[in-house]
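To keep things clear, I will list the structure first and then write my remarks on it.
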Ligand SMILES: [Zn+2]
């Protein structure tokens, strides 16, 4: 009897999340997520570092169900999110919303069963279907960098004399190894419900608007807007620092942020960094985007290569607003390459 009960419990543990089998790479010590309560039933899930999750997710707990916005970097990260979510609610996750196609926001999609609606922009579906997103430089650079990241951590663990720092590095190493294991099981899974401009979900008296406000960080970013709670979930269209520009329309982005400003909200849940209320951050980011576009365009016009433009573009006047991103002249090479590409293919996607 005891053995039967144990087998049953083990079975439930393995199949307990969304009725699906536990993916590889979920091993970690301690909690992987902090669920920061923002408003009644609204949480911002931020990784602790115990597991590689990369982006943030947001959780909306309704009367009878749960909506997850973005699902992290791997099937393992999404599976652990669902597991740890049980600490705040026992209601089922019935809906996932992808703010955009990037790997750190949508590569957990595969852990959700066929009964779960995954909602995203048509462009997000286009990029996730047939593995197109895997061919983009952003993901390729990330995946190709994982073995070196692990080797580097191994060396640092071996060389570290201080016990506490060694233990912290070991946690990082375990997270990196688990992540690599999970990436090997990755099958990009596209949204099964798509939108072009907007869609509204009604759950009890809660209204959940999904809005495409224009091209920005990608060609298909959506924000999730809760008008009653005055919360907006922005993915990477607006983060607490500078967003990656590898698939961006930097010239259109400030205008899209103007559209965002028209919504009545007091709290932003970004795809990276902590939640914030200071709307001046939007102005700072728009000013940065306008300047980076002008600066890189000017260098291109002078015949400078994208590689050199990345070194020479000087945005240091914005460093007080983005101290974690700007230490001196230069921008990420992938950003310069992308701006050149957008200029060269103006008018086309
Ligand atoms: Zn992104």
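Some values worked out for this structure:
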{"read-out": "So residue 129, is it touching a strand residue (DSSP E or B) at 6+ places or on another chain (Cβ under 6 Å), more than 16 Å from the ligand (Cβ to nearest atom) and under 30 Å from residue 232 (Cα atoms)", "value": "no"}
{"read-out": "Those residues of the stretch 136-148 which are without any contact (Cβ under 8 Å) to a residue 24 or more places away in the chain and within 16 Å of the ligand (Cβ to nearest atom), in sequence order", "value": "140"}
{"read-out": "Residue satisfying condition, being surrounded by fewer than 19 Cβ atoms within 10 Å (Cβ to Cβ) and touching a helix residue (DSSP H, G or I) at 6+ places or on another chain (Cβ under 9 Å), within set 25, 49", "value": "49"}
{"read-out": "Out of 66, 54, sole residue that is surrounded by fewer than 23 Cβ atoms within 10 Å (Cβ to Cβ), modelled with pLDDT of 95 or more and within 19 Å of residue 143 (Cα to Cα)", "value": "54"}
{"read-out": "Some residue of the stretch 285-296 being free of Cβ contacts under 8 Å to residues at least 60 places away in the same chain, within 28 Å of residue 42 (Cα to Cα) and touching a strand residue (DSSP E or B) at 6+ places or on another chain (Cβ under 8 Å)", "value": "no"}
{"read-out": "Hits in the stretch 31-46 (condition: farther than 19 Å from residue 224 by Cβ and touching a helix residue (DSSP H, G or I) at 6+ places or on another chain (Cβ under 9 Å))", "value": "31, 32"}
{"read-out": "Counted residues, the stretch 149-175 - those being in contact with a helix residue (DSSP H, G or I) (Cβ under 6 Å, 6 or more places away or on another chain) and touching a residue at least 40 places away in the same chain (Cβ under 8 Å)", "value": "1"}
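The values are calculated or read from the model by the stated rules, or taken from the named source; none is laboratory data. Small disclaimer: the values here were computed from a predicted structure and weren't measured. So basically every Cβ, Gly included, is an ideal-geometry build from the backbone, and we count neighbours across all protein chains shown.
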